[in-house]
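K.L.:
One structure follows; several queries about it will come next.
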Amino acid sequence: MKEALRRSPGDIRCNNAVGLWLLKRGQFAKAESYFRTAIKTITKRNPNPYDGEPYFNLGLSLKLQGRSDEAFDAFYKAAWNDAMAAQRLPGVWRGLQLHRKNLIRPFR
């Protein structure tokens, strides 16, 4: 992977894979930068990319760093994609709804 990133630093698949590898090893902050690079590349020409996986993985990384508000935004962006919503997000959606209720409740 390192060689692939050396040749093409913005490669979506490699950045996402390295980010996941770091995430599984507990290096959440390092993983975040790889997910953000993948997102920067995938959204260069389309703000709503065909694949929401880098957003989902960024959300996990941020959540595990205790940055729930930022994680909410990443999960929300990942959920626009039907494939991601059906595949991974049913539990996350419940969490997002609870989080949103907690944010809205003080303003009512």
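K.L.:
Provide the per-residue ³J(HN,Hα) series for region 22-29, in order, calculated from phi with Karplus coefficients 6.51, -1.76, 1.60 and θ = phi - 60°, each as a whole number of Hz, with x at glycine and proline positions.
P.N.:
Each residue of region 22-29 in turn: 5, 4, 5, 9, x, 9, 5, 5 Hz.
K.L.:
Further question: Please sort by residue number the chymotrypsin sites (Phe, Trp or Tyr not before Pro) in region 1-85 whose DSSP state is loop and whose Cβ has at most 16 other Cβ atoms within 10 Å.
P.N.:
Hits after loop and neighbour filter: Y50, W80.
K.L.:
Which whole-Hz couplings ³J(HN,Hα) result when phi for each residue of region 35-41 is put into the Karplus expression 6.51 cos²θ - 1.76 cosθ + 1.60, θ = phi - 60°, listed in order with x for Gly and Pro?
P.N.:
5, 5, 5, 4, 5, 4, 5
K.L.:
Under 5 Å between amide hydrogens, which residues at least 5 positions from Q27 or on another chain qualify, with H placed 1.01 Å from N in the peptide plane?
P.N.:
HN-HN under 5 Å from Q27: empty list.
K.L.:
Taking H placed 1.01 Å from N in the peptide plane, check which residues at least 5 places from G52 or on another chain put their amide H under 5 Å from its amide H.
P.N.:
M84
K.L.:
Classify region 1-87 from the C-alpha gyration tensor, please: rounded if a/c falls under 1.5, else prolate or oblate depending on whether a/b exceeds b/c.
P.N.:
oblate
K.L.:
Right, another one. Starting at the first residue of region 61-74, write each ³J(HN,Hα) from the Karplus equation 6.51 cos²θ - 1.76 cosθ + 1.60 with θ = phi - 60°, in whole Hz, x for Gly and Pro.
P.N.:
Using θ = phi - 60°, the values come out as 4, 5, 4, 6, 8, x, 9, 5, 5, 5, 4, 4, 4, 5 Hz.
A short reminder: the numbers here are calculations on the coordinates, not readings from a lab. All of these numbers come straight from a predicted model, not from anything done at the bench. FYI the Cβ positions are ideal-geometry reconstructions off the backbone, even for glycines, and counts take in every protein chain you see.
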